[in-house]
Structure formats: structure tokens, C-alpha cells
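This report refers to the structure that appears directly beneath it.
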Amino acid sequence: MEIKITSRETIKPFLPTSDEHKFFQLCLFDQLQLITYLPTLLFYPKKEGLQEPYHVCAQLKKSLSETLTIFYPLAGRRKSHTFITCNDEGVLFLEAKVNLNMVEFLTPPKLEFLNKLLPCEPNKVHLNGEALPQVLVQVNIFSCGGIAIGTCNLHTLLDGCSGSLFYSTWAAICSGSRQERPHPDFYSASSFFPPLNHLSLHDHVAHEDSQTQKKCTTRRFVFNAESINTLRAEAKDDDGESSKSPTRYEALAAFIWKHMTLACKTESRDSTRPSVAIHIVDMRRRMGEPFSKYTIGNILWPVMAFCETVNANTGIGYLVSIAREKFGKLSRELYLRVKSDPNILGSNQCVNLPQGIETRSPIPVVLTSWCGLNFNELDFGWGKPLWVGVRGGDQETLPNVAVIIETDAGMEAWLTMEMQHIVILEKDMEFLRLALPNPSVSNI
């Protein structure tokens, strides 16, 4: 497959940013994010009445310029660890041609080529983000006339919820939707959680992680509705202490936690290693006012669930109960304590892991959910996407990460692991099929 970049342009806000908005202050949780790009791929097949690619790209660029007037910090550059200079430097916009039919590309999805449809290498940690654009876009035109919009947004400011709001606004403007467009809230996050002038924690984390990145690969596992219901029933049967049925996310996250841990243990030949599931949680609902779904920033909290022993006999209901107990400790009061004393972020009040656990090389599994973010609803004027992708290929990135996305038929789980770990996980597919009697669980 050949992908050729045909155009490279910088899109600036339609209206210049006013002097009063020239400096945008980041919040505490923005500071703690690694400087890396989060990817999204939206596939739109050629439809009757769809304009020619030239006009589609022109429409996307014009509407993106209007959207950047509203989301003006995204056209700026991070100039220190506490703020973004809103200097209207703009967003990088690429156009590319793909010498392949979209249906051929997606049947099944060619994960090894997905990153070529993105404007930059995703999930690579950068030590210095001052010159990096906040957003990059690549519009890929397939030989059949279908298009795939690949986006990468810098984790400095946009988390999943913030990114969804930005792309939803862009799509609404592009399609000419008459629905009332929400106004992003740029100030609540930094007002409630102001940044720290010293950045020792962020510098340490970014440096350490950038040095320990390993060669990884991503695989996509598809679970239909019947498989999810089987998991939920199994989890409920395992956990006799709770009468509350597990949610779809709880059941699938526990299942993934278990099998990613088993794959890592098999390769390391150390069955005694404990495991930690790190659930990345949106704080907005739990925090309440002044936060809402329109609040821009990385309003994220890592919930760490520790399990001393994970083996083939470990019930997923047991893992669900461990995670639930940790989720139950999230409260507005906890966030208020962080507001009054940010230094407790690294303490046991927030992390709550056994003392000295780092000496035992626990296996970390990072779990995050894109469910409810509505990427599969983004309509730029030619209908909803046929498919939403994340990333693929082999790359230097952070290992043991799972992104869970809802689909019309069920859920998808995108797992990024070190090469040898994911090979073991794939070899274990027969066991996964036995664990889930429905054979529709598949690796695509």
C-alpha cells in the first residue's frame, strides 16, 4: 500500500485571538501528562452526493479555521510548563492519496498500516513540547473516493472528553448543523486546580518513561453484545458478595486485566509478580461543579487496583470487586484535598498501594474507556464514520495499554503490548474462546 502526501498547510483561526486571551494557563493535571500525541482515525466511505476530494478538503479546512477561533488555545504553542501562548500559529493540515480501495483496506482493517494514515507518530513521548502543534490533521483520499480523517492531539491540553468536544464542534460547523453549539469552558480547570510553579514530578515522570519505552505492537479484539453479556454473567457469578451486576466496562476491563497480566507473566517466567490495573477515570462527573462535559483540560484521575495474585483460575468477578472498591473511594472530598495540598498526589492518600510494592516489579495494565465520547457519531456532512480506529503498527510507545471503544455491535479493545507479550496473548486465543463460549470474540 502506498500513501503519498500531496499537500501540507497550516490552518490558523478564522479570527485572530484577542490580546486578553493571549496566555492560557494550564491546570495541575495538564502538567502531569506526558507530552505525547493521542490518535484517532475516522473512516468515511464514498457516498452518492459527496463532493469531490478537493471540495471536501476545502470545506474541512474552512470549518477547522472557524473552530480554532472558538478553541483558540489549540492554535497556540506551549511555551512553559504552566501556560500556552495563544499566538495563532495554527494546526498542521496534511492531504494524502492512498492507492487502495477503502473496503479492501478495512476487510479486515490493516492495522500495520494505520499509523501511515496519521499526521505523526502517535504515543511517542517528547521531552520538550514547546514547538509542537497542539493538533495535527491528515485527510487521506482512497482510490474509491472514500476518506479517512486522521488526527493527533497533544495530551498537553486535550483528554478524551475535551478532544471529543473539539471534534464534535468542528464536525457541526463543517456540516452546517443548526444545533446550538456548546461553549468550551477553558477556565474552571486551571482556576480550581492551578498549576505548580515547580515541575519536579512531571520532569521525573517524562524523563523516566521516555527512557524505558519499548518496542510494542497493537492488536484489536472485538467482543459482540452476546460475548459482553457472557462476561457480565460470569463476573457476577464469581463475585457472590455483590448483588450489583457488573457494567460492560467493568466486566471487559477485568477480563483484559487478567489476560494481559497472564501474558506478561508467561514471558517473564515469574508467576509471583503482582499486578496493578490503572484505570484512567474522567473526574468531571465525580467532581461536579464547576466541572462539566464542556470543561477543557486533562481532568483525569488514575485509579490503581492492586492484585497480589493473578493466575488462570482468578475469577474476573474478583477483579471487578477489587476495582469497585477503589472506585468507591473517589469523591469530591478527595479532589478537594488535592486542591488544598497538591503535594499529596504522590502519597498513599491517592495511590493507596502496598508499601514497597515497586521492589516486586508489579505488572502494570493501563485501562481507559472511550465509551460515551461519541467519536462514532461525528458527521462532517457526509454521514457517520463507517469505522473508528486508534493506532496500529509497531512502534516505540508505552506498553500494556488497553483502549476500550463501544460499537454498534458491542465493544472493541485495542491492546498495546511489548512484542513478545502480545504474541503470547494471541497464542492464548484458544483459551480466550473457551473462557467465553461465544466464538464471536475475535482478533482482527
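Annotations
- Residues considered: 163, 129. Of these, the only one that is part of a loop (DSSP other than H, G, I, E, B), at negative phi and of a type in the set (Gly, Ala, Ser) is 129.
- If you go through the range 111-134 and keep only what is closer than 24 Å to residue 400 by Cβ and charged (D, E, K, R), you end up with 112, 121, 124.
- The residues listed here are 233, 263; of these, the one that is open to solvent by 10 Å² or more (accessible area, probe 1.4 Å), of a type in the set (Gly, Ala, Ser) and at pLDDT 85 or above is 233.
- Residue 128 open to solvent by 30 Å² or more (accessible area, probe 1.4 Å), of a type in the set (S, T, N, Q) and more than 16 Å from the chain's Cα centre (by Cα): yes
- Remark: pairs (first residue in the range 3-30, at negative phi; second residue open to solvent by 100 Å² or more (accessible area, probe 1.4 Å) and not small (Gly, Ala, Ser); Cβ separation under 7 Å; 6+ apart in sequence or on different chains) = 3/116; 4/97; 6/97.
- Screening the candidates 135, 139, 56 for the property of being under 26 Å from residue 185 (Cβ atoms), touching a residue at least 24 places away in the same chain (Cβ under 8 Å) and open to solvent by less than 10 Å² (accessible area, probe 1.4 Å) yields one hit, 135.
- Those residues of the range 59-86 which are open to solvent by 10 Å² or more (accessible area, probe 1.4 Å) and part of a loop (DSSP other than H, G, I, E, B), in sequence order: 79, 80, 81, 82
- As for the range 189-198, it holds at least one residue that is part of a helix (DSSP H, G or I), surrounded by 15 or more Cβ atoms within 10 Å (Cβ to Cβ), at pLDDT 90 or above and small (Gly, Ala, Ser).
- Taking the listed residues 373, 334, the one that is in contact with a Gly (Cβ under 6 Å, 6 or more places away or on another chain) and open to solvent by less than 30 Å² (accessible area, probe 1.4 Å) is 373, with no other qualifying.
The values are calculated or read from the model by the stated rules, or taken from the named source; none is laboratory data. Here the structure is a predicted model, which is why all the values come from computation and not from measurement. Positions of Cβ are generated from backbone atoms using ideal geometry, with glycine treated the same way; all protein chains shown enter the neighbour counts. The protein model used for the area step is the full one, side chains on, heavy atoms only, and it has no ligands, DNA or RNA in it. Shrake-Rupley method; radii C 1.70, N 1.55, O 1.52, S 1.80 Å.
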